[in-house]
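The values are calculated or read from the model by the stated rules, or taken from the named source; none is laboratory data. Everything numeric here is computed off the predicted structure, so don't read it as measured data. Here the Cβ positions follow ideal geometry from the backbone for every residue, glycine too, while neighbour counts run over all protein chains shown. Only protein heavy atoms, including side chains, enter the accessible area calculation; ligands, DNA and RNA are left aside. Shrake-Rupley method; radii C 1.70, N 1.55, O 1.52, S 1.80 Å.
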Amino acid sequence: GGYDGPRAAVAATAGTLRIVLDPLAPLASQARVRVRVAAQTQGRAHHLDETYWFTCEDRTAPRLVAAVSVAPRLVRLGFDEPVRVTESHAFAFEATSAPAVPVTAIAATADATTVLVELDTEITPDIGYEVRTHGVSDLAGNPLLPPHDRADFVGYRPPRPLRRRFDL
């Protein structure tokens, strides 16, 4: 079967049967596994037929999937699973084009799969930036890892009022 790896074993003592299952291939992170135990005593006086379910531990690192400038001093980061901010200086911003104002994160709030980052100054409109994260983990404690720790975005441009034109 699929659970008779090198550490699989069967040990019988007086009144106890111990079975160690060893999967031939690693189980996927957060996989739901079903184990059925069916046994009976000699003479068939007692029997057991139970199914147990368990979930494998989460070993998968989260991924930063997008960054969007949502206001002059706010950037929203999107992740592929719920996250928490584990370090106060978890975000570094770098302009990828010029001219651009350097910005620094001063606060961050995690809400499920998004993090809202507040900046110290207004970001330069329409200029490319890259955000790198290093103090973010998922709820199981798995840290964000390269190359999924960075995302590109464009500086916030406020909407132009409909009746206002500055074209010369």
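Key figures for this structure:
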| read-out | value |
| --- | --- |
| Yes/no for Thr124 being exposed (fewer than 15 other Cβ atoms within 10 Å of the Cβ) and among the polar types (S, T, N, Q) | no |
| Candidate set: the range 20-73, residues that are polar (S, T, N, Q) and closer than 23 Å to Ala151 by Cβ; chosen: the one modelled with the lowest pLDDT | Ser29 |
| Residues that are exposed (fewer than 10 other Cβ atoms within 10 Å of the Cβ), within 32 Å of the chain's Cα centre (by Cα) and assigned to a strand (DSSP E or B), drawn from the range 1-51 | Arg34, Arg36, Thr51 |
| Test: residue in the range 88-98 that is modelled with pLDDT under 95, closer than 18 Å to Leu64 by Cα and surrounded by fewer than 15 Cβ atoms within 10 Å (Cβ to Cβ) | yes |
| Listing of strands (runs of 3 or more DSSP E) fully contained in the range 62-125 that carry 1 or more residues being without any contact (Cβ under 8 Å) to a residue 60 or more places away in the chain | 74-79, 83-85, 91-95, 105-111, 114-119 |
| Single match in Arg157, Arg164 (criterion: open to solvent by 40 Å² or more (accessible area, probe 1.4 Å) and in contact with a Ser or Thr (Cβ under 9 Å, 6 or more places away or on another chain)) | Arg157 |
| Candidates Leu144, Leu139 - the one that is at pLDDT below 95 and open to solvent by 60 Å² or more (accessible area, probe 1.4 Å) | Leu139 |
| Any chance Thr113 is surrounded by fewer than 13 Cβ atoms within 10 Å (Cβ to Cβ) and in contact with an Asp or Glu (Cβ under 7 Å, 6 or more places away or on another chain) | no |
